[in-house]
Amino acid sequence: MFLSFGTAFVFADFGFSYFMKKIIDVISVQTVAVATWQQASTYVLMAFASMFIGIILFRIGDWAIVYSQTRVMADLTNHCFAVLSNHSYTFFSNSFTGSLVAKTRRFVRSFESMHDKIVYAFWFSLVKAVGATIVLFWLKPVLGFMMIGWIVTYGLMVKILLPFQLSRDLVNAESDTAVTGQLADAITGILNIKMFGTRSAERKNFDTYVSRQQKARSRAWNFKTVTDGFKAISMMIIEFAIMYHALYLWLNGEITVGSMVLIQSVLLIVVQEFWSLARSVAEFTTALADSDEMTSIITLPIEVQDPEVPEEKRINQGSITFADVQFSYQEGAPILQNFSLSIPFGQRVGLVGHSGAGKSTLFKLILRFADIQKGNISIDGQDITAITQDVLRRSISYVPQDPILFHRTLFENISYALTDATSQEVMQASVSAHAHEFITGLPMGYETLVGERGIKLSGGERQRVALARVMLKDAPVLLMDEATSSLDSISEKYIQDNLETLMKGRTVLAIAHRISTISQMDRILVMDKGKIVEDGNHQELLDKNGVYADLWNHQVNGFIQ
């Protein structure tokens, strides 16, 4: 690639200009004659042959760039996705989805831009500058020294101005990310905006971010305008100085008219290239700034890591043990402290307690969405940190309170739990989750696209699809976070019957705010401030007349629904 382009310039620019010099010298010194015409014609053919060779070499270089650049861009895109997917659940909880998408796309585009600038600007400029200096030295050493002096001065000027440009471009990139994040957040929450009639307030809030971006962009672009002015003046000075000295040399008979033409051609080549280089340097700093945010994410330590040498999975039944576990989010107060719990294989356990008691935290720790700071969590006696996260999670079925679906077909969403599932298996799981009825009522049936995050489906329908996935997955551990909260009473009754079948032979943990949904569990744990304050079955806890009994009495009497 670099060799091809470098050689192309030798033929297309300097070779062509040299033969044009020879033509001018022939026709300006010799009289018009057949010999003069033949000699000049030979140089014309050689000039165009040189140009043709250059064009072929340029196309070879372009092909090489297309081949290499498209492959690298694909690799970078895949790498960014791999890096993002390796980050923990907490990382995504603290990040705007739209911002992450924008950073990824800008990172890949910035590589394309920087690669283009390195080849088409920096390498081209280097080759042309070296070529022009050699030509000028060949004609007259003093002209070559003048060119070297200007190139050094120009390079120092760029080096001095570059940090100031980069700092402004970084601010501009950050403001662009903020606008993208706000736009994605507003579009995601469009129902709230319409429901609360806050379009004006949201527009005002969005305009605040856009105004910041406009100011940052103006500062970056205006600085480029000023620096372009300095660079243009320096180019004008060197072109004037060399041409003035070349004219002096011609007047003294030290160079020919053809040499004057060659000098002017070389100067035009260099000045035009360095003018483009000035723009390219500015665009390179912009691309560098665009890549900075994603680079920071790529170099960010992965919070939850797989073991370097994972053990073979020994999870078959699903007994769960927490041993002296301590956990806190970042630097906050501990959510769990010296927490111990043992759940034998096949036991169905309900978790109740007020919001913030630590129920969902238990689920996150079992799934390794976050890592504990102290203690041990094991399933079937195997430390969950000793196997990879993917292997662990394939052994656990999880139904979140607000299931998220992909913008894919219903069949793809259900079979996501078991990618090689047959149509019959998917349909059977849907029947068990009472999803088959509404799916077959849709025009496209199982091939219906559900929309982003499943927005085309009702909350109850999304939950039934999530339950169908769990029934298809058939894992030894089942975690349910208000798994039937979005269902109507009739559907809930049907699904509860099927859940009874699903829970048989599995270790089950179910979070419920409606205690009636877990009253038939083998065991109920009442949590408060990260501790288990009551433990027993439904009747035992009622007999204790404690926290559980109080919650039950409030719900039975209709205060909490």
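Taking other residues whose beta carbon is less than 15 angstrom from the beta carbon of G155, and scoring Lys, Arg as +1 and Asp, Glu as -1, yields +2.
About its Cα centre, what dipole magnitude does the range 88-299 give when the only charges are +1 on Lys and Arg Cβ and -1 on Asp and Glu Cβ, stated in debye to the nearest 20? Before the final figure, lay out the partial values.
On the way: 20 positive and 16 negative charges, 107 e Å.
The dipole of the range 88-299 has a size of about 520 debye.
Listed values [x] 73, 25, 22; [y] 42, 25, 23; [z] 39, 33, 26 include one computed from this model; for semi-axes √(5λ) of the Cα gyration tensor in Å that value carries the label [x].
In this simple spin-label model, placing a label point 7 Å from the Cα along the Cα-to-Cβ direction at both E311 and R105 gives a separation of 4.5 nm. Along the range 305-312 the Karplus relation, 6.51 cos²θ - 1.76 cosθ + 1.60 evaluated at θ = phi - 60°, assigns HN-Hα couplings of 10, 7, x, 5, 10, x, 7, 5 Hz to successive residues, with x for each Gly and Pro.
Placing unit charges on each Cβ (+1 for Lys and Arg, -1 for Asp and Glu) gives the range 320-556 a dipole about its Cα centre, and among I372, I404, S360 the Cα reaching farthest toward its positive end belongs to I372. For the range 320-556, a simple Cβ point-charge model (Lys and Arg +1, Asp and Glu -1, everything else neutral) yields a dipole of about 200 debye relative to the Cα centre.
May I ask for the net charge around S85, where only other residues with Cβ less than 15 Å from the Cβ of S85 are counted and Lys, Arg are +1 while Asp, Glu are -1? Numbers along the way, then the final one.
On the way: positive: K103, R368, R393; negative: E303, D306, D390.
Net of charged neighbours comes to 0.
Backbone geometry of the range 523-539 corresponds, through the Karplus equation with coefficients 6.51, -1.76 and 1.60 at θ = phi - 60°, to 3J(HN,Hα) couplings of 8, 10, 10, 9, 10, 8, 6, x, 10, 8, 9, 8, 8, x, 8, 4, 5 Hz, x marking Gly and Pro. Name the shape class, rounded, prolate or oblate, that the alpha-carbon gyration tensor gives for the range 506-554, where a ≥ b ≥ c are the square roots of its eigenvalues, rounded holds for a/c under 1.5, and otherwise prolate holds if a/b is larger than b/c and oblate otherwise. Cα axes put the range 506-554 in the rounded bin. Listing Y244, Y89 from fewest to most neighbouring C-beta atoms within 10 Å gives Y244, Y89.
Close amide-amide hydrogen proximity is noted between D481 and V399, Q401, I511, each under 5 Å apart and 5 or more residues distant or on a separate chain (H modeled in the peptide plane; Pro and chain starts excluded). With θ taken as phi - 60° and the Karplus curve 6.51 cos²θ - 1.76 cosθ + 1.60 applied, the whole-hertz 3J(HN,Hα) list for the range 82-92 is 4, 5, 4, 5, 7, 6, 6, 4, 4, 4, 6 Hz, x standing for glycine and proline.
Got a sec? Which residues in the range 54-84 would a label at L268 touch, if it sits 7 Å along Cα→Cβ and we count backbone N under 19 Å? Only 54-55 fall inside the zone, counting backbone N under 19 Å. For the peptides 363-369, 509-515, 204-210, 343-349, the ranking by packing is 509-515, 363-369, 343-349, 204-210, with the highest mean count of neighbouring Cβ atoms within 10 Å listed first.
Under the rule a/c < 1.5 gives rounded, and otherwise a/b versus b/c splits prolate from oblate, where does the range 327-397 land using the Cα gyration tensor? It is oblate, given that a/c is not under 1.5 and a/b is not larger than b/c. The range 103-170 and the range 289-346 have their alpha-carbon centroids 49 Å apart.
Once you charge only the Cβ atoms, +1 for Lys and Arg and -1 for Asp and Glu, what is the size of the charge dipole of the chain about its Cα centre, to the nearest 20 debye?
On the way: 48 positive and 53 negative charges, 318 e Å.
Dipole about the Cα centre, nearest 20: 1520 debye.
Going by neighbour counts of Cβ atoms within 10 Å, the residues L162, L57 line up, fewest first, as L162, L57.
Between L143, L84, I187, the Cα set farthest toward the positive side of the dipole of the range 60-187 (charges on each charged residue's Cβ, about the Cα centre) is that of L143. If one computes the Cα centroid of the range 389-423 and of the range 436-476, what distance in Å separates the two points? Between the Cα centres of the range 389-423 and the range 436-476 lies a distance of 11 Å.
Where a number appears in this text, it was derived from the coordinates with a stated rule and is not lab data. Source: prediction; values computed, not measured. FYI the Cβ positions are ideal-geometry reconstructions off the backbone, even for glycines, and counts take in every protein chain you see.
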